[in-house]
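The structure under discussion appears below in the form of structure tokens.
All of the numbers you see were taken from the coordinates with simple rules; none came from a lab. On a predicted model such as this, the values are computed, not experimentally measured, just so you know. As a convention, Cβ positions derive from the backbone with ideal geometry for all residues, glycine included, and neighbour counts pool all protein chains shown.
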Amino acid sequence: MRRTLYLKMLIGFLIYGILGFLLIATFTNHYTSQYLEKKEASNLYREANLIANNYAKNYYNHSMELAELETQLNTLDTYLSADIWIVDKNGTILLDSSDESSINDTRSIDSFDISDFGNQYYGIGTFYDSFEETQLSVFAPITVNYKVRGYVIIHKPMSLVTKNLYGLMNISYVTQLLLFLGTIVILAAFTFVVYIPIHRITKAAKEYAAGSFEQQIPVHSNDEIGYLTASFNYMANELNTLEDDQRKFVSNVSHDFRSPLTSIKGYIEAMLDGTIPVEMQEKYLNIILFETERLNKLTNSLLELNKFGTKGVILDISDFDINNMIKMTVQTFEGKCKEKRISFNLILTGKELFVTADYDKIQRVLYNLIDNAIKFSHNDSAITIETTEKNEKIFISVKDTGIGIPKDSIKKIWERFYKTDLSRGKDKKGTGLGLAIVKEIVQAHDENINVISTEGVGTEFIFTLPIAKK
Ligand code: ATP
Ligand code: MG
């Protein structure tokens, strides 16, 4: 959401207001004035008919004098605020309620023709230029013995007819204004409830896009906006830790590559410039070989972890005897064990114990666990490897009586490159990737691995595998 969306809404809102007023000024105005005109015309028509059928008829019947008729009409004139004329068929004004001399001084309307009204009983205009102001003129025929003898014509100035129009129009305008104000209130509410929170999210999103995930957006509501905000905060948090992890990972890798490379470079330079005499070179070449092996191991482990990371671990499942695998793996460590005079204590369930798993990968797990157990054991100690069967699962335990893992490191040993401070002195070659690989493999099997360890006492790793269904 950009600033322009809000602007668009404001403009739309203004257009709505202006259109509303225009509509009232044209449409409502037109129909209201037409309504008032018709209503007044029909009122006056009723009066005109009354006059035609009573007073005027009496005059034509000779039962009432013109003067007497005039008095009557004068009263009505005031009551109706209109001008009442008695006109004969030729257009001679016999009586004009607004002109006292009209009885004696009769006047003729030029080119008077009642059919000029058309098929309406009223017309709007100056009535053959008889008035300066526009009039609403209504007529009713005076019929005596079925013959039209003349007409009652009532003129009322249009200004009086439309006088009420302004009052009515004002009501419409005020209503529209109230509606408009109501919309402003809604708009204000919208601004606080929707626009400002979304604006905040937009601003935060911009910062996230720029790589800064620190900003947390406050959540104020329990609705969709609140949910969106909370999701955004969560996303930022995740991205933040992800970025942290990645940075840590890269710096660890760089560090692990740099230290062996620096020492290799240092020794080679020293050999080349003669600082290390030829007879001493074998010792340093061995160190270089050691460091190269370490780099090789590091690269292989990283490649393996990377493979797990991108495609997940692809398992090649088969049934095999785990007891046999343990015996075989232990044999590969014979040399190392002899050095440290470490013995193995195998407590294996049954002669054979078949599990369903990826052979190579589980061998890798065992190798890593036994390798750790040997590395972190004291001389002249024993390592116990045990298999037990419980609830369709095989539990495999590798237990040593070595240096142990400090309590606050227990959770971190699974992280890539993590090595406890205790272990650094014991094992310089370690990369800290072994357990990360172990965990990936065990989890890929949908199984669990746990560690129980006491610093200075020993460590036990236990993982599970599904028993073969045979
Ligand atoms: P690599 O496995 O690549 O040779 P490593 O053994 O140091 O390196 P991991 O196997 O991942 O790495 O182990 C991580 C750390 O956990 C070790 O450095 C050590 O500090 C601790 N650790 C693992 N196993 C044991 C153990 N049996 N006893 C004590 N500490 C252990
Ligand atoms: Mg290891």
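Observations, loosely collected:
- Distance between the 7 Å Cα→Cβ label points at ASN145 and ARG107: 3.3 nm.
- ³J(HN,Hα), Karplus 6.51/-1.76/1.60, whole Hz, each residue of region 276-289, x for Gly, Pro: 9, x, 3, 5, 8, 4, 4, 4, 6, 5, 5, 5, 4, 4
- Gain on full stretching of the segment that runs from LEU50 to ASP99 - 0.36 nm per residue minus C-alpha separation: 15.5 nm
- A P(r) calculated from all alpha carbon pairs of the chain, with 20 Å bins opening at zero, reads 16, 23, 14, 11, 9, 12, 12, 2, 0 percent.
- Counting charges near TYR59 (Lys, Arg +1; Asp, Glu -1) among other residues having Cβ under 9 Å from its Cβ returns a value of -1.
- Placed amide H near SER98: partners under 5 Å, 5+ positions off or other chain: ILE84
- In nm, spacing of pseudo-spin labels at THR126 and LYS428 (7 Å Cα→C-beta vector): 12.2
- Rel. contact order, % - alpha carbon contacts under 8 angstrom, at least six apart, region 317-466: 25
- Under a 5 Å amide H cut-off, with hydrogens placed 1.01 Å from N, LEU346 pairs with ILE385 among residues at least 5 apart or on other chains.
- Links that overshoot a 30 Å alpha carbon limit, given the list LYS307/LYS419; LYS351/LYS439; LYS407/LYS429; LYS307/LYS429; LYS338/LYS411: LYS338/LYS411
- With a Förster radius of 30 Å applied to the C-beta separation of ASN391 and GLU455, the computed FRET efficiency comes to 0.45.
- Dipole magnitude of the chain, debye to nearest 20 (Cβ charges: Lys/Arg +1, Asp/Glu -1, about Cα centre): 2880
- Along region 299-306 the Karplus relation, 6.51 cos²θ - 1.76 cosθ + 1.60 evaluated at θ = phi - 60°, assigns HN-Hα couplings of 4, 4, 4, 4, 4, 5, 4, 5 Hz to successive residues, with x for each Gly and Pro.
- Contour excess over end-to-end distance, with Cα ends at ILE15 and HIS199 and 0.36 nm allotted per residue: 63.8 nm
- 3J(HN,Hα) along region 456-470: x, 10, x, 9, 10, 9, 10, 10, 10, 9, x, 6, 5, 8, 9 Hz, from the Karplus curve 6.51 cos²θ - 1.76 cosθ + 1.60 with θ = phi - 60°, whole Hz, x for Gly and Pro.
- Highest-first arrangement of 271-281, 74-84, where packing means the average Cβ count within 10 Å: 74-84, 271-281
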